[in-house]
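None of the figures in this text is laboratory data; all of them are computed from the coordinates on show. The shown structure was predicted, so the numbers you read here are calculated from the model rather than taken from an experiment. As a convention, Cβ positions derive from the backbone with ideal geometry for all residues, glycine included, and neighbour counts pool all protein chains shown.
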């Protein structure tokens, strides 16, 4: 346990110096929040009640699908994993350390948005903050687990970027955070429900932490853990 905590702390320090993580976990989500927050609340004043949830879905999706995978691909697609094996360190420990570090960075970014939104845009704070943070943590964990699959499965950086965008963009456009899902055709609604973002958004709304919004996220997380385990054992990557 001490070794894992040391590794997680070291990974945290490395990520702080990472320009990629700085951009995907802090800079881009905060710029999006500052620009779109004003637009959303001006065009649709009723969105003040859901602005925080919408911005957090975007922030988490950006960090999990675009920020985390390149770091994993760089580590597990190189000779670094041989160092793990040579020293008898389980491969999953590196993955767990990166996962935890990304989780903490995303949580810091989300807390910053949560604090700024009421001040800048008169956004309404969630009624039950403990339940809200629990819902946020659940969505964050599920999203990062999908990011882990991307980072372990796709070694080529160009293909990884393209694949990550194919997950990120529908998550944002079809989740209901940009505009109500009722405005979408039925087939796009169905596609949107495939991605965890729409479930996480509903989960974070007031009185949204219910089994009907939780069961799918639980299934996705369990599936992601199994797939990551298979990828770590086989060592196979898509070129």
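Note: relative contact order over the stretch 2-234, using C-alpha pairs below 8 Å and six or more positions apart, is 26 percent. Taking each residue as 0.36 nm, the span from residue 219 to residue 233 lengthens on full extension beyond its C-alpha to C-alpha distance by 2.9 nm. Each of residue 187 and residue 39 was given a label point 7 Å from its Cα along the Cα-to-Cβ line. The distance between the two points is 2.7 nm. Counting other Cβ atoms within 10 Å as a rough exposure proxy, the listed residues 187, 32, 121 run 187, 32, 121 from fewest neighbours to most. Straightening the chain between residue 119 and residue 104 buys 3.0 nm, computed as 0.36 nm per residue apart minus the Cα-Cα spacing.
Convex hull volume of the C-alpha atoms in the stretch 2-234, normalised per residue: 129 Å³. The slack between residue 96 and residue 157, meaning 0.36 nm per residue of separation minus the straight C-alpha distance, is 19.8 nm.
Between the stretch 35-52 and the stretch 209-236, the alpha-carbon centres lie 33 Å apart.
First check a/c for the stretch 110-212, with a ≥ b ≥ c the square roots of the eigenvalues of its C-alpha gyration tensor; if it is under 1.5, answer rounded, and if not, answer prolate when a/b is larger than b/c or oblate otherwise. Prolate shape, in that a/c is at least 1.5 and a/b is the bigger ratio. Between residue 20 and residue 49, the modelled label-to-label distance comes to 4.1 nm, taking each label 7 Å out from Cα in the direction of the beta carbon.
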